[in-house]
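The values are calculated or read from the model by the stated rules, or taken from the named source; none is laboratory data. Keep in mind it's a predicted model, so treat the numbers as computed, not measured. Please note: Cβ atoms are built from the backbone with ideal geometry, for glycine as well, and neighbour counts cover all protein chains shown. Areas reflect the complete protein model, heavy atoms only, side chains present, ligands, DNA and RNA absent. Shrake-Rupley method; radii C 1.70, N 1.55, O 1.52, S 1.80 Å.
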Amino acid sequence: MNTIKTILVPFDFSPISKKALDYTIDFIGMDRDIKILLAHVTEEEDTKAIEAAFEDVKSGKTKFRGSMEWIIRKGSLTEALLAIQKNQTVDLVIMGTSGEDGKDISKVNNTSRLAVEIDNCSVIAVPDQQFEFSISKIALVLGKDKIQDRSVLETLLRITRRFNAKVVVLTVQNEEGIYGYSENDESNENLLEYYLEGFYSHHAFNENPDIVAGVEDYVAKNDIDMIAVLPLTHAEGSKRSKGLLTKELTMSSKVPVLVID
């Protein structure tokens, strides 16, 4: 993603989707070049009432000076949103999440499902939690895999530049062994230092047998504003993983999660 021109916000008029919209407006700030596309998926034949409700939402955001449009589609939520993302040239998706128990993957919510299934578009999952908008400290969760394609970091770089944020690379040590000294670790370190410019802070390690718990513990103790995850390291010939960590974090995190694609 070279620039952010259109942000897709799935919107069903619920408090969760309204919070995602408010987050998006804060994210955009005074940038008039970014358009918000509100997407509503329904089975209703007569959409006049929905269109009127959208007008009310738009008129209620008096401080937002940018462009806000809406699109109404039928079908299953995830499939409809994936189709919209592909057909509307969406650069970023910002979607609310209900904060389900991240351990019960049998109850994967729509946000987690979309974040894993979407291609060539990053997603910010906004939790249904109380927090003030801020993007000053981002924790990029990395394991032992090597990042083969630096372009996967483009979205992260754009966001750090936009908010002058610092990026901490976080590795959770969930098993015995030496961390931080492998060839992959060194390669990733050099890449991040070079590509993220002065926004890269340091590499932190947190011991915890449960990776998700380790991430959330570090976030809570270090005032992290956003978690960033890579469902894939974009290694040559790699296939999309099932994204277990992505699903769990987008379902349980108390801060927004950036799923980079």
Checklist entry - Treating the beta-carbon of each Lys and Arg as +1 and of each Asp and Glu as -1, no other charges, what is the dipole magnitude of the chain about its Cα centre, to the nearest 20 debye? => result 740
Item to check | Listed pairs K86/K254; K48/K74; K35/K74; K63/K254 exceeding 18 Å between Cα atoms | outcome: K86/K254; K35/K74; K63/K254
Checklist entry - Counting only heavy atoms of protein chains, what accessible area per residue, in Å², does region 1-42 have with a probe of 1.4 Å? => result 41
Checklist outcome for this item: Carbon plus sulfur, as percent of the 1.4 Å-probe accessible area of region 24-86, comes to 47
Checklist entry - What 222 nm value per residue comes from the helices of the chain, counting each DSSP H run with n ≥ 4 as -39,500 (n - 2.57) and dividing by all residues, nearest 500 deg cm²/dmol? => result -10500 deg cm²/dmol
Checklist entry - Hey, got the dipole for region 1-148? About the Cα centre, +1 on K and R Cβ, -1 on D and E Cβ, debye to the nearest 20? => result 540
Checklist entry - Considering only DSSP beta bridges with both partners in the chain, what is the antiparallel share in %, to the nearest 5? => result 5
